[in-house]
1. Calculate the all-directions average of the projected area of region 124-290's alpha-carbon convex hull, and give it in nm².
2. Per 10 Å bin from zero, what fraction in whole % of the C-alpha pairs of region 212-271 is there, up to the bin with the longest pair?
3. Could you work out how far helix 262-274 tilts from the main Cα principal axis of the chain, as a 0 to 90 degree angle to the nearest 10?
4. How big is the charge dipole of the chain about its Cα centre, in debye rounded to the nearest 20, if each Lys and Arg gets +1 on its Cβ and each Asp and Glu gets -1 on its Cβ?
5. Once you charge only the Cβ atoms, +1 for Lys and Arg and -1 for Asp and Glu, what is the size of the charge dipole of region 124-290 about its Cα centre, to the nearest 20 debye?
6. For the Cα atoms of the chain, what angle does the longest principal axis make with the long axis of helix 179-192, in degrees from 0 to 90, nearest 10?
7. What is the projected area of the convex hull of the Cα atoms of the chain, averaged over all directions, in nm²?
8. Rounded to the nearest 0.05, what FRET efficiency is calculated for Leu245 and His84 with R0 set to 30 Å and r the Cβ-Cβ distance?
Amino acid sequence: MSDLKSLLGIEIGGTKLQLVLGDADGNIHARRRLVVEAAHGAEGIQRQIERTIPELVAGRKIEAVGVGFGGPVNWRTGKINRSHQLAGWSEFALADWLRSQTGTEVFVDNDANVAALGEALRGAGAGLNPVGYVTLGSGVGGGLVTEGRIYHGAIPGEAEIGHLRLDRSGTTIESRCAGWAVDARIRELNRNEPAGVLARLAGNESRGEARHLAAALGQGDAAAGRILREIAEDLAFGLSHVVHLFHPQVITLGGGLSGVGEPLRAAVAAALTGFTMAAFRPGPEIRLVALGEDAVPVGALLLASANR
């Protein structure tokens, strides 16, 4: 068997499951992408993995497995602490279970940490140090890579950027910048300003309205611009704490909301400067992720490669 296809990378999220075959440089050579059925919980995902591994591997010998899991984990043992989205994962020994499926070593980390590793080594943060990463999706997660390695705090987690508080009443970055939070703002917009471009694009949808933000911005919609500024300022205020604690050279923005693209990147960069102490200004460079949906799978291959 060729060494180019010796590693298995797995992304386990709340809505998406990806399994890839690749190499030690993070190159993906084969992939399976599956939709997670939330109603089936952890057991449903385990069944999907059990069915997919033999078909994807097709008799090849796997040297190591890397996993990015959507929730806090014990990265030393590979045991899951919990999932905030799916039932059945709490205290599950994921590394041991996958070892029984593959017959090889398994390394598990939080998915945002794994994505941060992918972006730091093969994506938008390549050549820079330290590298911060933020994912803006169904939740808000983060990771920090320094000297090419994931920064780890005390088990079971670290860099939980989404849970940083913006005030004393408990408002968090996630409650303001996650996809569901933006969806809620757009639904409110539909009630109060139904004639606007963004309101018309979203219509009477009950979820996923945030995907229309980029198109509305492209048409110069004032309400879309206002929502973008609010997101950028809230995120930048939270990131200013990251800057003052760790002073990363770059912060990369990923997740579904990063699909807004340059308007979001520029707005966050501009707002962050204003929240940053004078000695650190203009602050870290803000970049959009380069790997997109591959950030976690690529990071998982690199995690497996670094530990095998």
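What follows is calculated from the coordinates using simple rules that are stated; it is not laboratory data. Just so you know, these numbers come straight off a predicted model, no measurement behind them. Cβ coordinates were reconstructed from backbone atoms using ideal geometry, including for glycine residues, and neighbour counts include every protein chain displayed.
1. Working: hull surface 41.4 nm².
Projected over every direction and averaged, the Cα hull of region 124-290 covers 10.3 nm².
2. Pairs per bin, as whole percents: 22, 53, 20, 5.
3. That works out to roughly 70 degrees.
4. Result for the chain is approximately 140 debye, rounded to the nearest 20.
5. Working: 15 positive and 16 negative charges, 23 e Å.
The calculated dipole for region 124-290 is roughly 120 debye.
6. 30
7. Values: hull surface 64.5 nm².
Computing the convex hull of the Cα atoms and averaging its projections yields 16.1 nm².
8. E between Leu245 and His84, to the nearest 0.05, is 0.80.
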